[in-house]
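Notes follow once the structure below has been shown.
Here, each number is a calculation from the coordinates, and none is a lab measurement. Model, not experiment: these values are computed from the prediction. Please note: Cβ atoms are built from the backbone with ideal geometry, for glycine as well, and neighbour counts cover all protein chains shown.
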Amino acid sequence: MVPVDLAHLEALQKSLSVAADMAAHYHAALCYVGVTTSQPGEVARTPEEYEDKLQAFAREHAPVNGQAPSVRVYRSHDPVTDLDDILLRAIDELEADLVVMGTHLPRHIDAIMPANGSKVAAHTDVSVFLVRP
């Protein structure tokens, strides 16, 4: 499972590359997970348009192992607040055995407000591979 923020793809390039390489090497299926709102946003005006864009992204970033990636879109009133819980739910629903996530370099504020990746890793029993930029 690979969480994808279509509004910040440039920051995810390294983690997306790692996920595709791992999927190709291990002949694994990828599932790109996105979170959006029902309200118009900078990426899409509707959740359906967001899903179409995530599908197009998945086709463009398919690993070379012959397995087309799947996508899953979750809706939230506040994606920033709900992201960790949604990702944990997605792990369970998809029965993921590995999550590959982009992260940032550690900062002091992380002691008070942990990054998404560290919270997901702490609250699931699947492996979480965090990729720094």
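Got a sec? Which of P47, P63, P69 is buried (at least 16 other Cβ atoms within 10 Å of the Cβ) and touching a Cys at 6+ places or on another chain (Cβ under 7 Å)?
Working: P47 fails: touching a Cys at 6+ places or on another chain (Cβ under 7 Å); P63 fails: touching a Cys at 6+ places or on another chain (Cβ under 7 Å).
Being buried (at least 16 other Cβ atoms within 10 Å of the Cβ) and touching a Cys at 6+ places or on another chain (Cβ under 7 Å) holds for just one of P47, P63, P69, which is P69.
If you scan the range 15-30, which residues turn out to be within 17 Å of V128 (Cβ to Cβ) and either among the aromatic types (F, W, Y) or crowded, with 18+ Cβ neighbours inside 10 Å (or both)?
Of everything in the range 15-30, those that are within 17 Å of V128 (Cβ to Cβ) and either among the aromatic types (F, W, Y) or crowded, with 18+ Cβ neighbours inside 10 Å (or both) turn out to be S15, L16, A19, A23, Y26, L30.
Go over the candidates K53, K14 one by one and state the one that is touching a residue at least 60 places away in the same chain (Cβ under 8 Å) and basic (K, R).
Values: K53 fails: touching a residue at least 60 places away in the same chain (Cβ under 8 Å).
Among K53, K14, only K14 is touching a residue at least 60 places away in the same chain (Cβ under 8 Å) and basic (K, R).
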